[in-house]
Amino acid sequence: MTISSKHFYCLLAITTATLWFVSVQAQSTSDTQHYRLFSMGGNRPGYRDFATSPLFYNGTGISLSTTWLKRSNERERSIDLSLRPGWVSAQIPESDFRQPSSSAFFLQMSFRYQQLRKLKSVSNEKQNIKIGGTFISTQNFRPNPNLQNNSLGLENLTNLMVSGQIIRDVSRTKERTLNLFICKPKLKPVKRDLRFQLNAGLLNFNYRPGYAYSRAGEINGVKTNPLSWQLSNYNWSMNGWRFITELEWITYQPNGNARSWAYVWDAAHAPGKFEAFQVANHNIRFTYYFNSKKR
Amino acid sequence: MKNILFVLCTIFVLSSCEKVLLKPNMGSKDPLKNFDYLWEEVDKKYSYFELKNIDWNQVKETYRSQLNSNSSEEELFNVLANMLNELRDDHTNLISPFNISQYNIMLTSPANYYQRTIDEYYLPQPWITGPFNNGFLDNNQIGYIRYGSFLSSFTDEQLDLILNRFKDTKGLILDLRANGGGNIFNVPKLLGRFTDSTILAGYTITRNGPDHNSFSDREDFKITPYDGVRYSKKIIVLIDRGSYSATTFFSLLTKAFPNITLMGDTTGGGGGLPNGGQLPNGWTYRFSISQLLDLNGNNYAEDGVAPEIFESFNWSDLTKDEILDRAILELQ
């Protein structure tokens, strides 16, 4: 379904207002932890833009993000900003004569807001299950000089997602000795969580080019902004899907901070109005949790 | 151990998910698949089928039969290049690692520009200001600017300097012969120096549907006056068949300028904005997806913009540039 920019921004405003209203209802409880998270890791991005090529572009990159997280036993709220720059190249079949090649820079910038509440009926002391919603907006920037006048790939994926999270307490409660034959290290008790989160797109918006990708739009002398000119035929559509899953192993430190390793999979299919864009990221990242309100 | 196994299994399952959710890889070196892909892309988006009276289905019949699944890459390239050349459009190229196809419209008419003649007999010591060779002709009565490519960027200060030098001249010659085009945004930047008011100078339309005559509404192409040094006396713009793409845009837009006259030969065309894309075998291509119209809605830019004054270069005497001589005469 194609929607006008006016309708898109209207829906966006309603969504934001709803999330804000819900968030102000969420009062801090005594067990609420306030964290600032800094993450970095390796990313394996892949995408395909049917408007310019039937080929997948895969490669490697890094991920950097910062998060404000408020987590309690009952609720959780987070705001996240992330950058994922990388280099990708086309998966071109083997040539019998001269092998073509095609590379592109691929930058993804995301803003994410999330709010979760505990499902008391299925949670217990060892396992905390929360559900809620996530708003995420990702802007892609992917220049590829091989594509001539279509060399600048830009699209926005904005999604309102339903989210479910399980945090399982996998703490080591007793001191344990590892038998490695040559040495026998003692492992002290430690608080640990295994967190799994699934986000599935409920309302999936995408901002994609028009029929011919490029367009000879209006030129108003030197006052024409080349970026506006480039985007003049872009449309918002509401279609496709997006899934984001996160599997995280969190180890807490005695000072209230924590660190974690996580695997994040983020995939989306954006049919747009004319030709589809598909993207998937496999991300392994390390995160340091700074507890900013220690109790 | 149980937890670690759970983590590893989950990662394995998630990383496999996209193979199920996304369509399979469509990369292929099969000549027929590549032929069909390119033919369909052109069919869906090329902008001049109707104007040039091209039967694209007939083109498919002619060329597809020249290929089979065992055709070599060279054979595929030749067939695809010949098919694209049926469009008679220099904005159409097939780019492989071993060759690039082009229609080369310049070769359809005699050349009308020889730089050595100007360097040796007209402007032996020109100023080279950014991309502009410039100097005085006819006892400092006429200014001459040579702009060889719209790909070359220039600054406002560079044009200020040149036009200030020429402020006391009777007229100006802007030589755009053999200028193969480039960045379309350099067109209004240069033309904005030659008007004191905003001019609606043309329109563009872009292919927007599967029918060969499906186009968007007209988009204005306006020229706004530069807020600084301008030149409003008589200007003669020299053009020929080597004046292509952005230079054709420039030439067509000058029709709305009362102080500008075109001289030389018809431009090479290239009134469509080219796109870009990639085949399943990794080769890339481009072709026109829009049209340029004049103020009356006439569509001739693709075949070239004719000058108001036709003149040609005489290659039997390289000491003279007849087109430049005529321009000087017109401005005296």
Inset, instruction - For residues that are under 29 Å from the mean Cα position of the chain (by Cα), outside any helix (DSSP H, G or I) and of a type outside the set (D, E, K, R), tally how many sit in segment A:214-254. - result: 20
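Across segment A:81-122, which residue is farthest from A:SER292 (Cα to Cα) among those that are away from chain B (no Cβ under 14 Å) and open to solvent by less than 20 Å² (accessible area, probe 1.4 Å)?
A:PHE106
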Inset, instruction - Evaluate the following for B:PRO97: is it assigned to a loop (DSSP other than H, G, I, E, B), surrounded by fewer than 17 Cβ atoms within 10 Å (Cβ to Cβ) and not assigned by TED's automatic domain parsing to the domain that holds B:LYS189? - result: yes
Legend entry - Restricting segment B:289-325 to residues that are open to solvent by less than 10 Å² (accessible area, probe 1.4 Å) and within 10 Å of chain A (Cβ to nearest Cβ), the residue that is farthest from B:TYR203 (Cα to Cα): B:ILE289
Inset, instruction - Check segment B:55-71 and report whether any residue there is surrounded by 19 or more Cβ atoms within 10 Å (Cβ to Cβ), within 14 Å of chain A (Cβ to nearest Cβ), in contact with a helix residue (DSSP H, G or I) (Cβ under 8 Å, 6 or more places away or on another chain) and under 15 Å from B:PRO31 (Cα atoms). - result: no
Legend entry - Scan of segment A:147-184 for residues that are at pLDDT 95 or above, in contact with a Ser or Thr (Cβ under 6 Å, 6 or more places away or on another chain) and polar (S, T, N, Q), ordered by number: A:THR158, A:SER163
Legend entry - Segments classed as strands (runs of 3 or more DSSP E), wholly inside segment A:72-172, with at least 3 members that are farther than 27 Å from A:ALA200 by Cα and out of contact with any Leu (no Cβ under 6 Å at 6 or more places or on another chain): A:103-118
Legend entry - All positions within segment A:243-295 that are in contact (Cβ under 8 Å) with a residue 60 or more places away in the chain, aromatic (Phe, Trp, Tyr) and surrounded by 20 or more Cβ atoms within 10 Å (Cβ to Cβ): A:PHE277, A:TYR289
Legend entry - One residue from B:LYS19, B:LYS29 being over 30 Å from A:SER171 (Cβ atoms), modelled with pLDDT under 90 and open to solvent by 50 Å² or more (accessible area, probe 1.4 Å): B:LYS19
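Yes or no, residue by residue, for (1) within 14 Å of chain A (Cβ to nearest Cβ); (2) surrounded by fewer than 23 Cβ atoms within 10 Å (Cβ to Cβ); (3) on the phi < 0 side of the Ramachandran plot:
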| site | (1), (2), (3) |
| --- | --- |
| B:ASP220 | yes, yes, yes |
| B:ILE239 | no, no, yes |
| B:THR248 | yes, no, yes |
| B:LEU252 | yes, no, yes |
| B:LYS255 | no, yes, yes |
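The values are calculated or read from the model by the stated rules, or taken from the named source; none is laboratory data. In this text, all values refer to a predicted model and were calculated from it rather than measured experimentally. Please note: Cβ atoms are built from the backbone with ideal geometry, for glycine as well, and neighbour counts cover all protein chains shown. When the accessible area is computed, the model is the full protein with side chains, heavy atoms only, and any ligands, DNA or RNA have been set aside. Shrake-Rupley method; radii C 1.70, N 1.55, O 1.52, S 1.80 Å.
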